[in-house]
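A.B. asks: Quick one: the structure is below, and I'll ask about it shortly.
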Amino acid sequence: MKLKKIALSLATVAAVLSLAACGKKQAADKNTVKIGILQLIDQSALNAARKGFTEELAAAGYKGKKVQIDYVNAQGDQANLKSMSQQLAKDGNVLNLAIATPAAQALQKEDAKTPMLFTAVTDPKAAGLVSDVDAPDLNATGVTDAVDVAGQIDFTHKLFPQAKRIGLLYNAAEENSVVQIAQAKKELKKLGLKAVVKTAATTNDVQQAAEALAKQADAIYIPTDNVAAAAMPTIGKVSEAAKVPVVNADATMIKTGGVATQGINYEDLGRQAAKLAIKIIKGKKVKDLAVEAPAKTSLVTNKHRMQLFNLTQAQVEAAAK
């Protein structure tokens, strides 16, 4: 009987200590900034945006026990986007970051209360994320990856003046890509060039689409498209085998398949988004934070592919002016 009493007493003490520990943890959690991140797919540009975001937060002191990042990746699956958005909505985060248009649309649909930031979104107004980019009215703001598509088509034309047929590869289900392709077609028409268009709904479709373009086009332009970005190594192999150059909209994609670009750096976009996040953490309202365009662009080249297509650094720099 005494042994049972002793065991019960020990169990009671353990329970009290456990509750005390939980109390301490909860108290500590009050000083921890909780941030959710929903990423559309695992690809270099979006990974770079996330990296820039977390590194900029850390540089501002939000690291270690001071921040809790709840990162989820939908791997391009709409069902995942929905369920992950619902989970983030329940997590009590100070804010959530959506990386890419479909991720932002899904998160906004499932969570109207938590402040939302977005990046890697080309046209937030067309995507329904804001009605007014200067005064966000739907609890969402962020940094776009909008590029000067007309300028990039002109850059492509200057690099390869002999190219009369320009291939355009994109995923027709991505709003950001649809907007850019429309702009590219318009500029190609102005230059008297022919647009050859192929779409790829998934990364599995990219090789066939790229090979078809390589047979019909003299050069290929790829916008900030998530499917194409995820399959850029495949596109690079097709480009090299067919001797058809590729120009990309963003700097990240150049490393694995493009020749050059006067484009954006997604890590920089992530850092820019983090600066908005810090303002929200410190009490700023989303409606008071205008949507921002990329702060800068940069000329990025792939030396191996420049040699492959007989381009010098001087030629590329001249085309970028």
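The values are calculated or read from the model by the stated rules, or taken from the named source; none is laboratory data. Just so it is clear, the model here is predicted, and its values are computed rather than measured. Positions of Cβ are backbone-derived with ideal geometry, glycine not excepted, and every protein chain shown enters the neighbour counts.
A.B. asks: So, VAL197, is that one modelled with pLDDT under 95, closer than 28 Å to MET232 by Cα and not in a loop (DSSP other than H, G, I, E, B) or not?
C.D. replies: Here the answer is no, as VAL197 does not meet what is asked.
A.B. asks: Something else about it: Can you pull out the residues in the stretch 164-208 that are surrounded by fewer than 18 Cβ atoms within 10 Å (Cβ to Cβ), within 14 Å of TYR221 (Cβ to Cβ) and of a type in the set (Gly, Ala, Ser)?
C.D. replies: Scanning the stretch 164-208 gives a single hit, ALA182.
A.B. asks: Of the residues LYS198, LYS158, only one is basic (Lys, Arg) and closer than 14 Å to VAL247 by Cβ; which?
C.D. replies: LYS158
A.B. asks: Moving on. Could you check, for the stretch 108-130, whether at least one of its residues is farther than 29 Å from GLN183 by Cβ and assigned to a helix (DSSP H, G or I)?
C.D. replies: For the stretch 108-130, residues farther than 29 Å from GLN183 by Cβ and assigned to a helix (DSSP H, G or I): present.
A.B. asks: Of all residues in the stretch 151-173, how many are outside any strand (DSSP E or B) and either free of Cβ contacts under 8 Å to residues at least 40 places away in the same chain or under 17 Å from the mean Cα position of the chain (by Cα) (or both)?
C.D. replies: 6
A.B. asks: Of the conditions (1) outside the structural domain of GLU175 (by TED's automatic domain parsing); (2) of a type in the set (Lys, Arg); (3) in contact (Cβ under 8 Å) with a residue 40 or more places away in the chain, LYS279 fails just one. Which one is it?
C.D. replies: It is condition (3) that LYS279 fails.
A.B. asks: Still on this structure, I have one more. Sort out which residues of the stretch 31-71 are surrounded by 22 or more Cβ atoms within 10 Å (Cβ to Cβ), part of a helix (DSSP H, G or I) and either touching a Cys at 6+ places or on another chain (Cβ under 6 Å) or of a type in the set (A, V, I, L, M, F, W, C) (or both), and write them in order of number.
C.D. replies: If the condition is that a residue be surrounded by 22 or more Cβ atoms within 10 Å (Cβ to Cβ), part of a helix (DSSP H, G or I) and either touching a Cys at 6+ places or on another chain (Cβ under 6 Å) or of a type in the set (A, V, I, L, M, F, W, C) (or both), then ALA45, LEU46, ALA49, PHE53, LEU57 are the ones that fit.
A.B. asks: Cβ contacts < 6 Å: first residue assigned by TED's automatic domain parsing to the domain that holds ALA89 and at positive phi, restricted to the stretch 34-48; second residue acidic (Asp, Glu) and assigned to a helix (DSSP H, G or I), any location; separation 6+ or different chain. Result?
C.D. replies: Within 6 Å, no pair qualifies.
A.B. asks: Has the stretch 174-191 got at least one residue that is closer than 21 Å to ASP250 by Cβ and in a strand (DSSP E or B)?
C.D. replies: Scanning the stretch 174-191, I find no residue that is closer than 21 Å to ASP250 by Cβ and in a strand (DSSP E or B), so the answer is no.
A.B. asks: Regarding the stretch 87-96, can at least one residue be identified that is farther than 20 Å from VAL33 by Cα and of a type in the set (D, E, K, R)?
C.D. replies: No, there is no match, as no residue in the stretch 87-96 is farther than 20 Å from VAL33 by Cα and of a type in the set (D, E, K, R).
A.B. asks: Does ASP132 satisfy being more than 23 Å from GLY258 (Cα to Cα), surrounded by fewer than 17 Cβ atoms within 10 Å (Cβ to Cβ) and either among the β-branched types (Val, Ile, Thr) or without any contact (Cβ under 8 Å) to a residue 60 or more places away in the chain (or both)?
C.D. replies: For ASP132, the condition - more than 23 Å from GLY258 (Cα to Cα), surrounded by fewer than 17 Cβ atoms within 10 Å (Cβ to Cβ) and either among the β-branched types (Val, Ile, Thr) or without any contact (Cβ under 8 Å) to a residue 60 or more places away in the chain (or both) - is met.
A.B. asks: Just to be sure, is GLU240 in contact with a Leu (Cβ under 7 Å, 6 or more places away or on another chain), among the charged types (D, E, K, R) and in contact (Cβ under 8 Å) with a residue 40 or more places away in the chain?
C.D. replies: yes
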